[in-house]
1. Where the second residue is aromatic (Phe, Trp, Tyr) and the first is more than 18 Å from Leu366 (Cβ to Cβ) and lies in the stretch 272-296, which pairs have Cβ atoms under 7 Å and are six or more apart or on separate chains?
2. As an exercise: evaluate Glu208 against (1) more than 15 Å from the ligand (Cβ to nearest atom); (2) within 30 Å of Arg232 (Cα to Cα); (3) surrounded by 21 or more Cβ atoms within 10 Å (Cβ to Cβ) and give the number of the one condition it does not meet.
3. I need the full set of residues from the stretch 415-439 which are closer than 20 Å to Ser379 by Cβ, more than 16 Å from the ligand (Cβ to nearest atom) and without any contact (Cβ under 8 Å) to a residue 60 or more places away in the chain, in order please.
4. In the stretch 19-35, is there at least one residue being polar (S, T, N, Q), within 9 Å of the ligand (Cβ to nearest atom), closer than 29 Å to Leu323 by Cα and touching a residue at least 24 places away in the same chain (Cβ under 8 Å)?
5. Among the listed residues Phe344, Phe321, Phe325, Phe329, which satisfies the condition of being touching a residue at least 40 places away in the same chain (Cβ under 8 Å), under 26 Å from Trp109 (Cβ atoms), surrounded by 14 or more Cβ atoms within 10 Å (Cβ to Cβ) and touching a strand residue (DSSP E or B) at 6+ places or on another chain (Cβ under 9 Å)?
6. Given the criteria farther than 21 Å from Val345 by Cβ, within 16 Å of the chain's Cα centre (by Cα) and either within 13 Å of the ligand (Cβ to nearest atom) or at pLDDT 95 or above (or both), does Ala105 qualify?
7. Being within 21 Å of Leu392 (Cα to Cα) and among the acidic types (Asp, Glu) is the filter here; which residues of the stretch 173-224 pass it?
8. Looking at Thr477, Thr490, which is the one that is modelled with pLDDT under 95 and either touching a helix residue (DSSP H, G or I) at 6+ places or on another chain (Cβ under 7 Å) or surrounded by 13 or more Cβ atoms within 10 Å (Cβ to Cβ) (or both)?
Amino acid sequence: MNDRTPTLSDETLEGYGMRSKARCRVARPRSPAELAAAFRAASASGQTVALRGAGCSYGDAALNAGAIVVDCSLMNRILAWDPTTGEATVEPGVTIADLWQHTLADGWWPPVVPGTMAVSVGGATAANIHGKNNWRDGSFGEHVTRFTLLLPSGQVVECSRDANADLFYAAIGGMGLLGAFISITLRLRRIYSGLVHVRQTAHPSLAELLAAVEAGTRDATHLVGWIDTAARGRQLGRGLLKAMREPAPGEDPNPAASLDPASQPPSGRILGVLPVTWIPVLGKPMASQLGTRLANRAQWVRGNLPGADRQHDERYVPANFMLNFIPNFKSIYRPGGLIQHQSFVPRDAAPAVFREILARSQAAGLAPSLAVLKKHRPSPFLLNYLVDGYSLALDYAVPRRVEARMAALMAELNALVADSGAFFLAKDSTLTAADFRRTYAPETLARFAALKAQCDPHELLQSDIYRRVMRPALAATFQATREPTRRDATAPAS
Ligand SMILES: Cc1cc2nc3c(=O)[nH]c(=O)nc-3n(C[C@H](O)[C@H](O)[C@H](O)COP(=O)(O)OP(=O)(O)OC[C@H]3O[C@@H](n4cnc5c(N)ncnc54)[C@H](O)[C@@H]3O)c2cc1C
């Protein structure tokens with residue numbers, strides 16, 4: 001096997017939000033042997049390594065300022081696929097797009113998908129991502145049956161629920177800090193059509209929207225709420241609920257046609273008329289407060305038009321990944337970039353916390369351009385961020401002139417969420433170690449710190465988010481859990 005050390009190139013990398021940027025030395029291994037060689041070379045030169053998949057995290061989870069980034073995107077082979085069981089074994093750089101293109105014609109779909117199909121399976125596993133079916137089908141990691149992890153020492157460990165279970169439960173959601181996934185086996189979901197039934201309904205307040213989400217769980221397979229960020233007072237939190245239901249066996253008279261991957265991409269036109277390439281131009285005003293108000297109002301009005309709540313069928317791919325078909329979508333937010341703030345709040349606390357978040361944003365003159373609501377259930381992984389409740393994901397445009405006000409708002413919102421909820425590191429760019437630490441039991445962070453010390457004693461694996469948030473939180477927990485021991489040592493023996 002070729003184990004040459006991949007060459008390093010100096011590059012400026014950024015997170016999806018375009019605000020976290022870092023000059024890094026980037027290696028792109030093509031095989032596990034090359035990845036191991038990159039680890040050895042970094043170790044020998046005393047440098048640290050951050051792992052990177054497709055770079056779709058919003059902030060600094062896959063950046064390593066002044067040091068090495070191992071980009072796994074060229075390790076992108078599908079190693080095994082069984083169309084009878086739906087089990088796939090893939091290299092970490094295989095994307096969700098690669099996966100569905102390979103499996104759709106056989107009637108299988110990735111079990112959990114995010115809002116873009118560009119993410120890699122390695123990145124999806126490391127962040128334990130969630131989809132619009134989270135309350136029902138769990139997180140991405142719940143569908144991973146086993147993986148092979150390359151430790152910084154060069155040791156290769158096979159992990160599953162039965163073998164090296166500690167590491168299995170910690171590396172899923174462990175943000176690439178314990179080792180590198182070099183192969184991942186997961187189970188896909190059986191589907192019987194390439195179409196999905198969709199119905200969108202309008203709800204005039206947050207309470208009614210949340211009630212509709214709960215009612216929707218009875219027969220929807222996927223649920224996602226859109227909230228009008230311009231609405232105030234009694235209408236604060238009003239929104240539209242998109243409920244999707246996958247057809248049962250036999251419902252689609254011609255599944256072979258709808259499951260043909262070539263039939264999936266959208267037309268390239270909005271409402272069948274405007275080219276999607278116009279969206280970044282038409283959407284540019286969304287980065288201003290006036291534009292945000294008008295666009296949100298227009299969406300609410302459109303969602304209330306007669307017939308807007310009629311059930312219709314959509315193809316899987318546009319229903320899940322419309323953003324991937326709008327070239328340069330993100331340019332709406334240039335040059336300042338965007339912050340996505342996603343808070344996960346338990347069911348009982350969520351209505352008050354979400355109202356407060358929306359109201360404080362409006363009061364600061366910083367209403368988000370987009371607000372998305374999802375329903376969740378906790379996952380069994382060590383660094384679990386999912387709750388029995390809901391999440392609210394907010395996109396904030398950050399023109400240069402509002403940066404200071406935005407930082408103050410984010411600090412306020414993070415402190416508020418940390419009282420009862422949790423944060424998703426893959427989306428984060430504003431969290432402090434102190435607020436992160438408040439969202440986990442000390443034993444959980446101590447357990448992760450112990451595994452980090454065991455798998456990576458020299459801290460080869462680091463990233464900007466590790467140094468900004470996780471490492472100080474782990475260190476403070478370690479300190480706090482050590483304190484009683486010191487006191488114990490001076491206490492009189494009984
Ligand atoms: C438009 C958009 C919509 C999104 N919607 C959702 C959503 O609905 N739900 C959701 O949960 N997330 C969502 N995300 C976030 C996204 O799913 C996560 O950030 C995901 O982790 C990105 O995967 P990636 O391949 O780009 O990984 P990167 O961003 O490159 O890396 C993510 C993490 O994975 C680690 N990593 C990468 N490769 C490996 C490896 N081989 N071994 C070990 N660790 C590794 C990195 O170190 C890093 O910590 C969205 C992102 C975008 C841009």
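1. As it stands, the answer is Val276/Phe325; Ile279/Phe329; Pro280/Phe329, since those pairs meet every condition given.
2. (3)
3. Selection gives Ala418, Arg437, Arg438, Thr439.
4. no
5. On the way: Phe321 fails: touching a strand residue (DSSP E or B) at 6+ places or on another chain (Cβ under 9 Å); Phe325 fails: touching a strand residue (DSSP E or B) at 6+ places or on another chain (Cβ under 9 Å); Phe329 fails: touching a strand residue (DSSP E or B) at 6+ places or on another chain (Cβ under 9 Å).
When all the criteria are applied, what remains is Phe344.
6. no
7. Glu208, Glu214
8. Values: Thr490 fails: either touching a helix residue (DSSP H, G or I) at 6+ places or on another chain (Cβ under 7 Å) or surrounded by 13 or more Cβ atoms within 10 Å (Cβ to Cβ) (or both).
Only one candidate passes the filter, namely Thr477.
The values are calculated or read from the model by the stated rules, or taken from the named source; none is laboratory data. It should be emphasised that the depicted structure is a prediction, and the values quoted were computed from it without experimental measurement. Every residue, glycine as well, gets a Cβ built from its backbone with ideal geometry; the counts of neighbours run over all protein chains shown.
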